[in-house]
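A.B. asks: Have a look at this one.
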Amino acid sequence: MAETEHTAAWQLSDDELASMLCATEKRLRIEYARHLELVAEADRRGLGPSNGCRDTAAFLVGSTRVSWQDARARVAIATSDLSLVRAALAAGEITAGHAAEIIAVLDQAPEALEAQQFAADEATLVALARQAIPSTVRKAGQRLLAYWDLDRQEPNGRDEELRRPKREFRYCWTREGRLRFSGEFDSETGHLAEDLFVPLAKPEPKDEDGDPDSRTTAERQGDAVAAIFELAARSEDLPVRAGERAVATVTVQLEDLRREAGSVLLDNGDTMTTSQLRRLLCDAKIYPAVLGGEGQVLDLGRAARTATPAQRRALAIRDRGCTRPGCDRGPKWTTPHHIIFWATQGGETNVNDLALVCERCHHLIHHGGWDIRLHDGVVHWVPPAWLDPQRKPLRNKAHDPPRHQAAA
């Protein structure tokens, strides 16, 4: 390491470069911890007010030109009484971002929390911070806050908050015929909306010419909203998943589900009361852990234009999501599309005449000049002549496992 300490970056080998990046990052963290010791001492002495500043954060802003957000975060970390966090910082094991997330959580610990449990919670978060990024620590902290909240609130009080959640939606029509809206959601609905936005609003992969997705963030999120509305519109009463009413897989002891108090940990790491879970399950199908088929017929005549739930499940297994080349949207964001149009071309509603297509890609079939066909049980898209004069059929590989892609 000493030999490469002063070597120009371009002269380092790949291994040396990687090693130096990690080593310098650790030194930066150790120096930052030393800086926080100075901030703590400055706050103890009242260095800010003695120099005409309102507080220590104002002194940092004026003297070091950091942002107000950064200055306040430094003071919060420096003045916290968390020995494990300080030790991990001093050792260069965690960043200021990790420390800020941990402190933000532990500052909200209930007064009734025992010191031993508080120390254990701090140790848990610090251990996670040593191996995960700050956002992961934040999510773990949110789960911890949920546990604390459930522990110190009576079930009736918690249910009272859930009975009338904060949900507002305002909209108006513009002169151009567009819908403009704004609003506010409670935490539960907000997390649900975010979970839908993240996968649906991500940029598309680069095209054949290497050009990135040209849509802005707002445009991508607008397309995500359109896809969500289209998904909901496929249900008579409730939102659907892969063409069915909402399906819930619950891993919980039956006696816990029957209790009025207590909490349930969901697969995504969130927590909710058992009474809240029961409310959500009112509109969902509940399946046992071991499922068996019911021998449903998959082939139907043209009179049944809409695919059955059984057909949708079969298509989800075969297509694994949208069939347009390069699209990675899963089955629940798709609808079965007739390869041979049922109304004018006599297409039948059976698995061999259906292909899964998401809302956005569906427009390409009807308005973009693409054709679609099934060959040897695999859906192929045929590009328009302006894109490929030979119109060579393409198969979507976005859903293939890595080994399959590597072998292709």
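A.B. asks: Given Glu176, Glu236, which one is modelled with pLDDT of 80 or more and not in a helix (DSSP H, G or I)? Give the steps one after another, and end with the answer.
C.D. replies: Working: Glu236 fails: modelled with pLDDT of 80 or more.
Of the residues listed, the single one that is modelled with pLDDT of 80 or more and not in a helix (DSSP H, G or I) is Glu176.
A.B. asks: Within the group Ala18, Ala40, which residue is farther than 15 Å from Ala91 by Cβ and more than 33 Å from the chain's Cα centre (by Cα)?
C.D. replies: The match here is Ala40.
A.B. asks: Listed residues Thr216, Thr189; which is at pLDDT below 85, out of contact with any strand residue (DSSP E or B) (no Cβ under 6 Å at 6 or more places or on another chain) and of a type in the set (S, T, N, Q)?
C.D. replies: Thr189
A.B. asks: Got a sec? Which of Cys22, Cys53 is closer than 18 Å to Ala96 by Cβ and free of Cβ contacts under 8 Å to residues at least 12 places away in the same chain?
C.D. replies: The match here is Cys22.
A.B. asks: What residue, among those in region 344-372 that are at pLDDT 80 or above and under 17 Å from Pro325 (Cβ atoms), is surrounded by the most Cβ atoms within 10 Å (Cβ to Cβ)?
C.D. replies: Per the criteria, the residue is Leu356.
A.B. asks: Can you confirm whether Arg27 is out of contact with any strand residue (DSSP E or B) (no Cβ under 9 Å at 6 or more places or on another chain), free of Cβ contacts under 8 Å to residues at least 24 places away in the same chain and of a type in the set (Lys, Arg)?
C.D. replies: Here the answer is no, as Arg27 does not meet what is asked.
A.B. asks: Condition test on Ala284, is it at pLDDT 50 or above and farther than 20 Å from His363 by Cα?
C.D. replies: no
A.B. asks: Further question on the same structure: Output the qualifying pairs, or none if there are none: Cβ atoms under 7 angstrom, residues six or more apart or on different chains, first residue in region 319-335 and assigned to a strand (DSSP E or B), second residue basic (Lys, Arg).
C.D. replies: Close Cβ pairs satisfying both conditions: Thr335/Arg234.
A.B. asks: Out of His375, His338, report the one residue that is in contact with an Asp or Glu (Cβ under 9 Å, 6 or more places away or on another chain), modelled with pLDDT of 80 or more and of a type outside the set (A, V, I, L, M, F, W, C).
C.D. replies: His338 is the lone residue from the list that is in contact with an Asp or Glu (Cβ under 9 Å, 6 or more places away or on another chain), modelled with pLDDT of 80 or more and of a type outside the set (A, V, I, L, M, F, W, C).
A.B. asks: Can you tell me which of (1) part of a helix (DSSP H, G or I); (2) closer than 27 Å to Val137 by Cα; (3) not basic (Lys, Arg) is the one Gly62 doesn't meet?
C.D. replies: (2)
A.B. asks: I would also like to ask the following. Have a look at Ala248, Ala224 and point out the one that is modelled with pLDDT under 75, closer than 30 Å to Val357 by Cβ and either aliphatic (A, V, I, L, M) or loosely packed, with under 11 Cβ neighbours inside 10 Å (or both).
C.D. replies: Ala248
The values are calculated or read from the model by the stated rules, or taken from the named source; none is laboratory data. Worth saying up front: this structure is predicted, and the values here are computed from it rather than measured. Virtual Cβ from ideal backbone geometry, glycine too; neighbours counted across all protein chains shown.
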